[in-house]
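Have a look at the structure below before the remarks.
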Amino acid sequence: VEVSLHHMCAILQNLEQVFIRAVNQAYPQISNPPSVQIQLSKMADYQCNVAMALAKILKENPRIVAQKVLEAVGKSPVIGSLELSGPGFINITLSQSFIREQVTRLITEGVTPPPVEPITVAVDFSSPNIAKEMHVGHLRSTIIGESICRLLEFVGHKVLRINHLGDWGTQFGMLIAHLKDRYPDYLLSPPPIADLQGFYKESKKRFDDDEEFKKRAYAAVVQLQAHEPDHVQAWKLICDISKAEFDKVYARLEVRTEACGESFYQSRMEELVKDLDSRGLLSLEDGRKVMYAENCTVPLTVVKSDGGFTYDTSDMACIKYRIHELGAQWLVYVTDAGQQQHFKSFLACAQRAGIYDPSAVRVDHVTFGVVLGEDRKKFKTRSGDTVRLVELLEEGLSRAEAVLREKGRHEVLTPHEFEKAKTAVAYGCIKYADLCHDRTRDYIFSFDRMLDFKGNTAAYLLYALTRICSIARTAGVSQEALLKAARTAPLELAHEKEWKLARALLRLPDIILRLATDLYLHPLCEYLYELSSVFSEFYDNCYCVEKDESGTVLQVHTSRLLLCEATATVFKHSFALLGINTLDKM
Ligand code: ARG
């Protein structure tokens, strides 16, 4: 397998292919060879354990098998040397010229995506519900979803960013009925509703307390679903107010989504239900039309007893649309883990209905845990309300400002730089705190913790990056001069810590590849934190710039500055994938 000229090499992927070929060559008689897995190793750079599994099949001594595989590897530009070790491991040391060449490429070309087969991926994320406030669960979906989109786009997939807004539920009946009472002129002039959540609460209270109102609310839903123009206009008004609020959050967080809510599927739901019904896939239960499938314990409610559709119906119509109209080959849904049952059920039913074939379309339900407060209880305001996202982001800004002031940054930075730093730190910390944990676990939302300048936080890493960026700057070496140096002379690596840093830098493509396959983002954060400490080791041991007591530059080590440059490139690129803005100064 040749190292592609256009891509940075994903080393694990490359070595895996090299060893698969070697196994086939050494043991052509084995029709079903064990899968080759390459791991990082403390003894060398990487290790391959395939001989152990092979030896079991062959009933041979694993050391002999390993030796035979090793000999079959042949020449590879990536590999410097191979060595048999222990009971039958193969230790792999990278070639030095390969490392030099790859680090240089990192500087001159930036991080280039590892090769993958591009497909169309529909990523369903954020997806808040109209009129109800967007809550921290939606914040998680927004942050994780945005990062997944960036990652999949980077590796070359065609990504459809879909915001599956909850804009078609029964809540609209009471909202419309309440709107008509409170603002009888709503058709003439848009009602001045600033606080939609308050409006929602008012109408909910009336709905619960007042039988007559409740009846009108139900009637309003029927009218809406029958497309009665005044009701449609009322619905649209409410949606627009709500969406404008959501957009404020998206703008602050620099998140891009295309709204395609549940309402979009109304006509498709009607058709779908007809189709399922005519094929005898629905059964009647207490006046509802439900659908069962194998392994689906809770049936889908496809039509309610009043004839209305549900969340289940919209997801059935929606998966059909995404696969058969949009041509998506991979569907990703980002929601809290509480919805697992819903997803299992409608996927099973979609399969039974012939809408979805798991061998042709990949589906991932990307779940995440609950956001907890510092008291380890569900994240709420002091008064027990759900936390408004806009307020949370505001608090993030003022907390970030306080921390930066405490560090005296307002005295060093211009007002403009300070503003930029404040925003990047605030939103960066909120995003990073979410992304750096295994997403399936609950996590504790704590401004104090995320704004800590120690440990695996965005505050620390963003600061570390500004320090790295300033090394060449303070030595008076320009970006252009560095690029020119990288292009003209081979990178000199000598010190053990220089090699260690170079090797760490080259791990990024494999990590990106893995993330883009399993959709867990925290390994990238762990890598960044590790890289920051490998960099510190390097920086503490290797002078990049030597100065005399007066601060006059005596000597500049260009290759070391280039390593700083490559490190900055890896950090910036990784942060961009996480949706986090970086800073030159902070
Ligand atoms: N609106 C839903 C909620 O707030 C999330 C929708 C997720 N997407 C989907 N296709 N079901 O819980």
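Overview of results
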| item | result |
| --- | --- |
| Rounded if a/c under 1.5, otherwise prolate or oblate - region 389-577, Cα gyration tensor axes | oblate |
| Potential extension, residue 96-residue 278 segment - 0.36 nm per residue separation minus Cα distance | 58.8 nm |
| Gyration tensor verdict on the chain (Cα atoms; rounded if a/c is under 1.5, prolate if a/b is larger than b/c, oblate otherwise) | oblate |
| Relative contact order of the chain, pairs being alpha-carbon contacts under 8 Å that are 6 or more residues apart, as % | 15 |
| Length-normalised contact order of region 171-258 in % [C-alpha pairs under 8 Å, at least 6 apart] | 37 |
| Crossing angle, helix 415-435 versus the chain [Cα axis fit, 0-90 degrees, rounded to tens] | 80 |
| Three-way shape call for region 511-553 based on the alpha-carbon gyration tensor, with the a/c threshold at 1.5 | prolate |
| Structure-based [θ]222 nm, the chain - -39500 (n - 2.57) summed over DSSP H runs of at least 4, per residue, nearest 500 | -17000 deg cm²/dmol |
| Per-pair calculated FRET efficiency, R0 = 51 Å: residue 256 and residue 208 via Cβ, rounded to 0.05 | 0.85 |
| DSSP bridge pairs, the chain: antiparallel proportion in percent, nearest 5 | 50 |
| Inter-part distance where region 217-292 and region 463-539 are each reduced to a Cα centre, Å | 48 |
| Cross-link reach list, lysines versus residue 320, counting only Cα pairs under 25 Å and skipping chain neighbours closer than eight places | 158, 274, 289, 304, 344 |
| Helix 229-253 axis, angle to the chain major axis (alpha carbon atoms, nearest 10°) | 20 |
| Rounded tilt (10° steps) of 62-72 against the dominant C-alpha axis of the chain | 80 |
| Calculated FRET value between residue 24 and residue 67, using beta carbons and R₀ = 22 Å, to 0.05 | 0.85 |
| Under-5 Å amide H pairs with residue 336, H placed in peptide plane, nonlocal only | 368 |
| Least to most buried among 535, 264 (fewest other Cβ within 10 Å first) | 264, 535 |
| Built amide H within the under 5 Å cut-off of residue 167, gap 5+ | 130, 262, 263 |
| Label point 7 Å beyond Cα of residue 119 along Cβ direction - residues of region 336-353 with amide nitrogen under 17 Å | 351 |
| Calculated FRET efficiency for the pair residue 297/residue 187, C-beta based, R₀ 60 Å, to 0.05 | 0.85 |
| J(HN,Hα) series, region 378-388, from Karplus relation 6.51 cos²θ - 1.76 cosθ + 1.60, nearest Hz, glycine and proline x | 3, 4, 9, 6, 4, 7, x, 7, 5, 7, 6 |
| Sequence-distant residues sharing a close amide H with residue 303 (under 5 Å, placed H) | 289 |
| Potential extension, residue 473-residue 339 segment - 0.36 nm per residue separation minus Cα distance | 43.2 nm |
| Region 481-498 - phi-based ³J(HN,Hα) in whole Hz, Karplus 6.51/-1.76/1.60, Gly and Pro as x | 4, 5, 4, 5, 4, 5, 6, 9, 10, x, 4, 8, 10, 9, 5, 3, 6, 5 |
| Difference of contour (0.36 nm per residue) and Cα-Cα distance, residue 197 to residue 448 | 87.5 nm |
| Vicinal HN-Hα couplings computed from phi for region 530-546 (Karplus, 6.51 cos²θ - 1.76 cosθ + 1.60; Hz; Gly/Pro x) | 5, 4, 5, 7, 5, 5, 4, 4, 4, 5, 6, 9, 10, 5, 8, 9, 9 |
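Each value in this text was obtained by applying a stated rule to the coordinates, not by laboratory testing. Every value quoted in this text rests on a predicted model; they were computed, and no experiment measured them. Backbone-built Cβ (ideal geometry, glycine too); neighbour counts: all protein chains shown.
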